Amino acid sequence: MSLKLPIYFDHAATTPCDPRVVEAMLPYFTEVYGNPGSRNHSFGWAGEAAVDTARDQVSNLIGADRKEVVFTSGATESNNLAIKGGAQMYAKKPAGSTGRGHVITATHEHKATLDPCKRLQKEGFDVTFLEPGRDGIITAEMVKNAMRDDTILVSLLWANNEIGTINEVPEIGALCHDRGVIFHVDGTQWVGKMPTDVNAAQIDLMSFSAHKMYGPKGVGGLYVRRRRPRVRLTALAEGGGQERGFRSGTLNVTGIVGLGKAAELASQEMTKDADRLRKLRDRIETTVTEKLDTVQINGHREKRLPHMTNISFGFVEGESLMMACKDIAMSSGSACTSASLEPSYVLKALGVGDDLAHSSLRLSLGRWTTEEEVHYATNKIIESVEKLRVLSPLYDMHNEGIDITKIEWAAH
Ligand SMILES: *Cc1c(COP(=O)(O)O)cnc(C)c1O
């Protein structure tokens, strides 16, 4: 097979739709177009049947009951519904007062969790942002130490989207259930890639998204536990009362059919995909660390997703490295905010210095990643790092044994 450029190594940002997903969706645009809310004719029933099938496929993937799946527009909406809707429902005091309850999350969460949590702070809730260790993991011990009598909600990632590290979700689930605290998990990077059982992990609410698991963009879901405990939420979108009243609005039938098919395929293929991609990911890391010095792999080496890696290349700007490797799509550890290039807050939370954070790349592999692509990209990255380092006076000084962290710069 010949190598096709550019290469896509950014599957943590989004995945292509599986052709089998597209095929499953197509009839629902033109042939089976009824509104599942139309209860009194066959067009509506056909739409409802399609949504029911998808609900089964999704609940099978995560070990839930079909009634516990609420379809949304994606994980951002699911997180907002879980965090804001959950906090509103379980608040200790009415809106407008302080001390409404305590929420626990972490500093290196996705923005779709951090921003709703900051909103809660403005509305009178107390929020603890846990700091991970250098390995990027939030442990049950950390959560336990942060728990208070008024803690109402814990919201954490299952696996981190920048470094792939895996939090102690089942242990934290057990702790939360012990204390009667609602446990929300952002499972967006995990679900469809790793075996998921919401009961074994004692999860109450879990967000996921189709486009991170080879389904279409703009559709996802929230798992909402119905028994032990029966979780309640204040709806954010009110209207037609769809999805048990948690999320009003005509269902995105085509998208939901796609999500369902993606979930079914994930159930069948995740083990095979994970085993294959782990080997390819490990090969990238081994080759890069053999060929280059001053390289650091970020996050826990074992407790992380098999298909991604986050690597800092000392003395090279991640952005320049990406420019030098234009035919490989990756993410850098710098976030372009309006005015400046900020180092990734996730890597900073792990205690990675600004320099190494700026010099990092995230490579995330997917279902159609080939050995040729891995081979090409690895060599290209190594070559580019070597070229860029030739131009780096700091790298020269480092090689001469000067500790550049101790240099006092004359002017800034
Ligand atoms: C992509 C992502 C989201 C946002 O999902 P959307 O469906 O795009 O809204 C939230 N959390 C994590 C961890 C993600 O990776």
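The values are calculated or read from the model by the stated rules, or taken from the named source; none is laboratory data. Small disclaimer: the values here were computed from a predicted structure and weren't measured. Cβ: placed from backbone, ideal geometry, glycine included. Neighbour counts: every protein chain shown. Heads up: the accessible areas ignore ligands, DNA and RNA and are worked out on the full protein's heavy atoms, side chains in. Shrake-Rupley method; radii C 1.70, N 1.55, O 1.52, S 1.80 Å.
Data for the structure
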read-out: Dimensionless Rg ratio for the chain, taking C-alpha atoms and the 2.2 N^0.38 Å reference; value: 1.05
read-out: Carbon and sulfur %, accessible surface of the range 19-266 computed with the full protein complex present, 1.4 Å; value: 49 percent
read-out: Computed E for E302/D354 - FRET, C-beta separation, R0 30 angstrom, nearest 0.05; value: 0.65
read-out: For the chain, the longest site-free run once chymotrypsin sites (Phe, Trp or Tyr not before Pro) in DSSP loop states with at most 14 other Cβ atoms within 10 Å are removed; value: 34-367
read-out: Contact order normalised by residue count of the chain, Cα under 8 Å, 6+ apart, percent; value: 21 percent
read-out: Dipole magnitude of the chain about its Cα centre (Cβ charges: Lys, Arg +1; Asp, Glu -1), debye to nearest 20; value: 1480 debye
read-out: Hits among lysines - C-alpha to C-alpha of K193 under 21 Å, sequence gap 8 or more where chains match; value: K212, K217, K261, K272, K279, K303
read-out: Nearest-ten-degree value, helix 75-90 long axis tilted from longest Cα axis of the chain; value: 60 degrees
read-out: Reach of K84 by Cα under 17 Å, taken over lysines that are not fewer than 8 positions away in the same chain; value: K92, K93, K111, K118, K122
read-out: Accessible area (Å², per residue) of the range 242-338, counting only protein heavy atoms and a probe of 1.4 Å; value: 41 Å²
read-out: Part-to-part distance (alpha-carbon centres) for the range 337-395 and the range 1-50, which is given in Å; value: 34 Å
read-out: Between helix 42-62 and the chain: long-axis angle, C-alpha atoms, 0 to 90°, nearest 10; value: 50 degrees
read-out: Set of lysines near K380 by C-alpha distance (under 17 Å), chain-local residues within fewer than 8 positions excluded; value: K4, K291, K326
read-out: Using alpha-carbon coordinates, inclination of helix 111-122 to the longest axis of the chain, degrees; value: 70 degrees
read-out: The range 62-138 - Debye-derived log10 I(q)/I(0), Cα point model, q = 0.14, 0.21, 0.23, 0.26 Å⁻¹; value: -0.54, -0.98, -1.06, -1.15
read-out: Relative pair counts by distance (%), Cα atoms of the range 1-104, 5 Å bins; value: 2, 8, 11, 14, 16, 13, 10, 10, 8, 5, 2, 1, 0
read-out: Residue-normalised accessible area of the range 1-87, expressed per residue, 1.4 Å probe, Å²; value: 48 Å²
